[in-house]
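Data first, discussion second: the structure below is written as C-alpha cells.
The values are calculated or read from the model by the stated rules, or taken from the named source; none is laboratory data. These numbers were taken from a predicted model, which means no experiment stands behind them. As a convention, Cβ positions derive from the backbone with ideal geometry for all residues, glycine included, and neighbour counts pool all protein chains shown. Surface accessibility is based on the protein's heavy atoms, side chains included, excluding ligands, DNA and RNA. Shrake-Rupley method; radii C 1.70, N 1.55, O 1.52, S 1.80 Å.
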Amino acid sequence: MSIYKRGETWWIQVTAKNGRRIQQSASTKIKREAQELHDKIKNDMWRQSNFDEKPRRSWQETVVRWLSEQEHRKSAGDDIKYLRWLNTYLGDAYLDQIDRDMIDYLKAEKLATGVTNNTVNHTLAFVRSVLNRAKDDWQWVDSVPSIKMLAVKKARIRWITKSEAEILFRELPDHLEAMARFSLATGLRESNVTGLQWEQIDMQRQCAWIHADQAKADKDIAVPLNTEALAVIRAQIGKHQTNVFTYKGKTILKAGVRAWRNALVRAGIDNFRWHDLRHTWASWHVQNGTPLNALQELGGWADVTMVMRYAHLSSDHLKDYAKNIENPTENTVTNLLQLKNNRI
C-alpha cells in the first residue's frame, strides 16, 4: 500500500527500481496532502533513476549518518548539544535548502540567545563540518555555502606567578593541592589528571603516558615526570588501587569545583580557571627558555599555532638583534642614508 494510516496520521511508502525504499510519516491527517507528498517523492526517485540525479538528502538523514560515524569520538557529546539546538531550525530542511541566507539566520538566532561570538562560531563550525562531510565524503551535494565566522577578540592568556601558586596551594584542600601541583608540573589537562591511573605511571623511567583515546589530539602523549611530579605521585601511593588521585577513596570527576573556587577567593586570585593551570605551566616553560617545538611536544598540541600563544612571553632569542640599533656602525649609517636618498 503506497499510502496508509497509522492512527490519525497518514504514512507513505515508495519503492524505486533499484529496490531503495522510503517509508515515512507524511505528517498530515489529510489524505490528499499525503498523496501529493507520495507522488512528489515517487517522481524524484524516477528522475534519479532515469537521469542519474542525486537523491535529495534531508538534514535528518545527514544527522543520522554523522552520528553513526562520530559516536566513537570524544566530541560526540558536544555534537548532540549542537544538533539539539539546530534541529529547531533545520529539522525539516533538505541539504540544498541550507544556503547563505539560512546560515545568516542561524547566526542571528544564536546571537539572540545572549552567547558570545566564540560560542556562535563553534556552532557554525559544526554546521560547516557536517555539510563538508556530506559534500566531500558522501557526495550527497555538489556544493555548500561559504560560512563566515564572527570576529572574536583574542583573550589574554591567564597565568599566575610561582609565588601566587604557592599561596593558592596553602588554601586548597589536600586532594586538590596534589592535583594542582601535578598539573603545574606536567601541563596535563583536567580530565587527564582526574582520570590518571597507576597503570599509566612508570616511576622507574620517571614518566607517564596518556592514551590516544584520552588525548584531545587523539594521539598518545609521553609525559616526563620532573622532581615535583614524582614527589606528588609518591604521596598518593597506597591511597587507591586504580586511580592516582582520589577523594576519600572515591574517583574525582571534576577538579574545578566549589572548594577550588573558594580557595581562589581566599588566595586573592581572580579570573582563574582550572584549565589556566595548563596556561601557567606553558608560560613558565617559555619564560625559562623551553623552545616552542619542545613545548608543543610536551603539551601534546597537534597544531603549532596553539603554542604560538605563549611566544610573546620570551624574547631571549631576539636579544642579540635588539642590540643592533644601539651603536650603528659607519657602514650601517651610510646604508641608511643611501636608502633614504633613493626613496626621495
### Task
Please work out the FRET efficiency for the pair residue 311 and residue 33, using the Cβ-Cβ distance as r and a Förster radius of 35 Å; give the result to the nearest 0.05.
0.05
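Would you please put 273-279, 207-213 in order of how densely packed they are, using the mean number of other Cβ atoms within 10 angstrom per residue and starting with the highest? Show your work: numbers first, answer last.
Details: 273-279: 19.1, 207-213: 15.4.
The peptides rank, most packed first, as 273-279, 207-213.
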### Largest-first principal axis extents, alpha carbons of region 126-285, Å
59, 37, 30
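Rounded to the nearest whole Å², what accessible area per residue is found for the chain with the 1.4 Å probe? Don't skip to the end; give the middle numbers.
Values: 21750 Å² over 344 residues.
Roughly 63 Å² per residue, with all protein chains present.
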### Query
Taking only C-alpha pairs under 8 Å that are 6+ residues apart, what is the relative contact order of the chain in percent?
11 percent
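Report, in listed order, any pair from 81/107; 110/148; 81/110; 162/219 with a Cα-Cα distance greater than 21 Å.
Distance filter (> 21 Å) returns 162/219.
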### Query
Hey, what do the phi angles of region 27-42 turn into as Karplus ³J(HN,Hα) couplings, whole Hz, using 6.51/-1.76/1.60 and θ = phi - 60°, x for Gly and Pro?
6, 8, 9, 9, 4, 4, 5, 5, 5, 5, 5, 4, 5, 5, 5, 5
### Task
Measure nothing fancy, just the Cα-based angle from helix 227-236's long axis to the longest principal axis of the chain, in degrees from 0 to 90, nearest 10.
70 degrees
### Query
Could you give the angle, 0 to 90 degrees to the nearest 10, between helix 162-171's Cα long axis and the longest principal axis of the Cα atoms of the chain?
70 degrees
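Using a/c under 1.5 as the rounded threshold, could you call region 178-231 rounded, prolate or oblate? The axes a ≥ b ≥ c are square roots of the C-alpha gyration tensor eigenvalues, and prolate needs a/b larger than b/c, oblate otherwise.
Working: a/c = 1.82, a/b = 1.30, b/c = 1.40.
Oblate shape, in that a/c is at least 1.5 and b/c is the bigger or equal ratio.
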### Message
I need the phi-derived Karplus couplings for region 258-267: 6.51 cos²θ - 1.76 cosθ + 1.60, θ = phi - 60°, integer Hz, Gly and Pro marked x.
### Response
4, 4, 5, 5, 5, 5, 4, 5, 5, 7
### Query
Can you work out the FRET efficiency for the pair residue 23 and residue 92, with r the C-beta to C-beta distance and R0 = 22 Å, to the nearest 0.05?
0.80
### Task
For residue 216, list the aspartates and glutamates whose Cα falls under 13 Å from its own Cα; do not include residues on the same chain fewer than 8 positions away.
190, 303
### Message
Suppose each label sits 7 Å from its Cα in the direction of the beta carbon; what would the residue 170-residue 200 distance come out to in nanometres?
### Response
3.2 nm
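Which order do peptides 194-204, 144-154 fall in by mean Cβ count within 10 Å, highest first? Present the calculation step by step, with values, prior to reporting the outcome.
Values: 194-204: 15.1, 144-154: 12.1.
Top of the packing list down: 194-204, 144-154.
Could you tell me which of rounded, prolate or oblate describes region 150-199, using a ≥ b ≥ c as the square roots of the eigenvalues of the alpha-carbon gyration tensor, with rounded for a/c under 1.5 and, failing that, prolate when a/b is larger than b/c and oblate otherwise?
Values: a/c = 2.79, a/b = 1.37, b/c = 2.04.
Oblate, because a/c is 1.5 or more while a/b does not exceed b/c.
Let me have the 222 nm mean residue ellipticity of the chain computed from DSSP H runs of 4+ only, each contributing -39500 (n - 2.57), with the sum over all residues rounded to the nearest 500.
About -14500 deg cm²/dmol.
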### Query
Where does each of 20-32, 115-127 land if you order them by average Cβ count within 10 Å, highest first?
115-127, 20-32
### Query
Cα to Cα, under 13 Å, and not fewer than 8 places away if on the same chain: which aspartates and glutamates meet these conditions relative to residue 248?
174
## Note on the structure
The ³J(HN,Hα) series, computed from each phi in region 97-112 with the Karplus coefficients 6.51, -1.76 and 1.60 at θ = phi - 60°, rounded to the nearest Hz and given as x for glycine or proline, is 8, 8, 10, 4, 4, 5, 5, 4, 5, 4, 4, 5, 5, 5, 4, 5
## Note on the structure
Distance in Å, no decimals, from the C-alpha centre of region 111-169 to the one of region 211-233 is 26 Å
### Query
Counting only residues 5 or more places away or on other chains, whose amide H sits under 5 Å from the amide H of residue 26 once H atoms are built in the peptide plane?
10, 11, 12
